[in-house]
Amino acid sequence: MAVDTLDAKILRLLLEQPRTSVREYARILGIARGTVQARLDRLERDGVITAYGPRLSPAALGHPVLAFVHIEVTQGHLEDVADELAEVPEIIEAFSTTGGGDLITRVVARDAAHLEDVIQRLIKMSGVVRTRTEVALRERVPHRMLPLVEAVGGTTGPR
């Protein structure tokens, strides 16, 4: 699905001012409210916009330790392990991967001991062969979408 310049401007507003109304987006862009709403509806339907809601801080929720745990899985058990991973609240993301492991997870923990407990839980899962853990020291580039939106929409800088 192609994102044109107007879509990119709407997405930029949505990212920069997520709590603003559709009516206000229309006013800022100088277009009809119905146009903005129709574009948002299409972007949702096409899977460009996948969710609405706040981004929460695991650290502020008492889980300041972030680690990436690579998991090697016995052949034929990937789905079973993925289902079990979904039951672990400290796993906030998991992806199938190529390379040295089969899955990579983003894990948060209260401290090093808690991280070890989570890893031990993973190791005990049926189908898990081994894990490899990398602890994040500092976030260098926070999660962002605006540069990508600008690149695909052919826009840069202010509206």
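Since every read-out is calculated from the coordinates, none of them should be taken as a lab result. Treat the numbers as computed from the prediction; the structure is a model and nothing was measured. No Cβ is skipped: glycine too gets one built from the backbone with ideal geometry, and neighbour counts run over all protein chains shown.
General remarks:
- With all projection directions averaged, the alpha carbon convex hull of segment 5-54 covers 3.2 nm².
- Restricting segment 13-60 to trypsin sites (Lys or Arg not before Pro) that sit in a DSSP loop and have at most 15 other Cβ atoms within 10 Å of their own Cβ leaves 19, 55.
- Inter-label distance, nm, simple model (7 Å from Cα along the C-beta direction), residue 86/residue 110: 2.7 nm
- Folded to 0 to 90 degrees: helix 112-123 orientation relative to the chain principal axis, Cα: 80 degrees
- Evaluated at q = 0.15 Å⁻¹: base-10 log I(q)/I(0), Debye formula over Cα of segment 65-135: -0.40
- Note, ³J(HN,Hα) from phi for segment 11-16, Karplus 6.51, -1.76, 1.60, rounded to Hz, x at Gly and Pro: 4, 4, 4, 4, 6, 7
- Only helices enter the 222 nm calculation for the chain: every DSSP H run of n ≥ 4 contributes -39,500 (n - 2.57), and dividing by all residues gives -11500 deg cm²/dmol, rounded to 500.
- Neighbour-count ranking [beta-carbon atoms within 10 angstrom, fewest first] of 50, 133, 74: 50, 74, 133
- Ranked list, fewest to most other Cβ atoms within 10 Å of each Cβ, for 125, 145: 145, 125
- Largest to smallest principal axis extent of the C-alpha atoms in the chain, angstrom: 57, 35, 25
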